[in-house]
Amino acid sequence: DDITLTCDAFTAEYFAGNPQTTYNNVLVPALNHISQCEYWVLDRTNGTTNRTVTLTWDAASCGVTLLSDLRVARWDGATWQNEGNTGTTGNTAAGTVSSVTVTNFSPFTLASVSPQNPLPVSLLSFDAVYTSEVVELNWTVASQVNNDYFTVERTADGMAFTEIATVDGAGNSSFTLKYSATDADPLSGISYYRLKQTDFDGKFSYSGLVPVSIDQESTLQIIAVQDSEAGLDVFVSASCGCVLNIELVDVTGRLVHVQKIKATEAQTKVTFSHGQLSQGMYTLKISDGKKAVTKKLIL
């Protein structure tokens, strides 16, 4: 007789992304929450044998605090199912958790049956931009669990940090949220900003450092605005000797005029001629690539 041996075969992919946004955040009642920063897609390509699934974590992935409450979660196309915890290895810094025997294979991720294992805030971006004499700080999170508040901190030497602003968090959310803060009195030269995220239980984590460079010798300011026979003249002082970007926005937020002009050593004149624009209120923005100033104009 012919004997045919069939071996099980699987394909596996790891994604450093938020499974709550890739799929959804609908859970069976036994689960408290799932990870927000990573998931695996495991598919069987050959064979029929049921298997256990083992997931890993380390310091670069998710926030594990209590191994006994960890679970393996499986996405069934509509809901994240609880595939159990038959054993763990390692510690809160790095380890593994194994499921019960599963009969279907699909996306898997780490989960918890309690608020423990925060599987943390997923920070998508954190930016700091110097504009109009202040530093605007903006950040976006994909989702968050037990997030109490954010603190923006600044340093000039990378060692001593000063608190700039505190912004309330959203607690628990599976939605992408945007936050912002302003440093109204930034430092000259190069400084660095970081974001501190604090949970309700007092635990916290930091983002990476974001640099901002403010040239101490560079100046950009609108000196005067006056009517003339030619139209409305705007006088600008810019020490950079660079190309200035001129933008004019109407009250609806529509960009109605864009212009580039070379800054002179003394002062630069920008003229909006009669008939060039309709009468009304506008916002003028002038930038040199590092710094920007704005002013309201009435034509």
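Please find, within the range 12-21, the residue that is farthest from Phe108 (Cα to Cα) out of those that are surrounded by 13 or more Cβ atoms within 10 Å (Cβ to Cβ) and at pLDDT below 85.
Once the filter is applied, the top-ranked residue is Thr21.
What's the number of the condition Gly241 fails, among (1) outside any strand (DSSP E or B); (2) assigned by the TED database to the domain that holds Val135; (3) of a type outside the set (Phe, Trp, Tyr)?
If we test Gly241 against (1) outside any strand (DSSP E or B); (2) assigned by the TED database to the domain that holds Val135; (3) of a type outside the set (Phe, Trp, Tyr), just (2) comes out false.
Among the listed residues Tyr179, Tyr193, which satisfies the condition of being in a strand (DSSP E or B), at pLDDT 90 or above and closer than 23 Å to Gln20 by Cβ?
Tyr179
Does Ala238 count as exposed (fewer than 13 other Cβ atoms within 10 Å of the Cβ) and more than 25 Å from Asn138 (Cα to Cα)?
no
Of the conditions (1) touching a strand residue (DSSP E or B) at 6+ places or on another chain (Cβ under 6 Å); (2) farther than 16 Å from Asp288 by Cβ; (3) crowded, with 16+ Cβ neighbours inside 10 Å, Leu187 fails just one. Which one is it?
(1)
Report every pair of residues separated by at least 6 positions or lying on different chains whose Cβ atoms are under 6 Å apart, first residue within the range 84-99 and assigned by the TED database to the domain that holds Asp58, second in a loop (DSSP other than H, G, I, E, B).
Thr92/Val64; Thr92/Thr65; Ala93/Ala59; Ala94/Asp58; Val97/Asn85; Ser98/Thr86; Ser99/Glu83; Ser99/Gly84
Output the qualifying pairs, or none if there are none: Cβ atoms under 7 angstrom, residues six or more apart or on different chains, first residue in the range 251-275 and assigned by the TED database to the domain that holds Gly241 and of a type in the set (Val, Ile, Thr), second residue exposed (fewer than 12 other Cβ atoms within 10 Å of the Cβ) and in a strand (DSSP E or B).
Matching pairs, first to second residue: Val251/Met281.
Every residue, every condition in (1) surrounded by fewer than 19 Cβ atoms within 10 Å (Cβ to Cβ); (2) under 31 Å from the mean Cα position of the chain (by Cα), yes or no:
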| position | (1), (2) |
| --- | --- |
| Asp69 | yes, yes |
| Asp76 | yes, yes |
| Gln81 | no, yes |
| Gly87 | yes, no |
| Thr96 | yes, yes |
| Thr103 | yes, no |
| Ser106 | yes, yes |
| Thr109 | no, yes |
| Ser112 | no, yes |
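So, in the range 252-299, how many residues would count as being over 19 Å from Leu220 (Cβ atoms), loosely packed, with under 10 Cβ neighbours inside 10 Å and touching a strand residue (DSSP E or B) at 6+ places or on another chain (Cβ under 7 Å)?
The total comes to 1.
Which of the residues that make up the range 130-162 are out of contact with any Ser or Thr (no Cβ under 6 Å at 6 or more places or on another chain), part of a strand (DSSP E or B) and exposed (fewer than 14 other Cβ atoms within 10 Å of the Cβ)?
Listed by number, the list holds a single entry, Thr162.
Regarding the range 163-174, can at least one residue be identified that is under 20 Å from Tyr130 (Cβ atoms), at pLDDT below 85, polar (S, T, N, Q) and within 31 Å of the chain's Cα centre (by Cα)?
No, the range 163-174 contains no residue that is under 20 Å from Tyr130 (Cβ atoms), at pLDDT below 85, polar (S, T, N, Q) and within 31 Å of the chain's Cα centre (by Cα).
The values are calculated or read from the model by the stated rules, or taken from the named source; none is laboratory data. As the structure is a computational prediction, the values presented were derived from the model and not from experiment. Cβ sites come from the backbone with ideal geometry, for glycine too, and all protein chains shown count toward neighbours.
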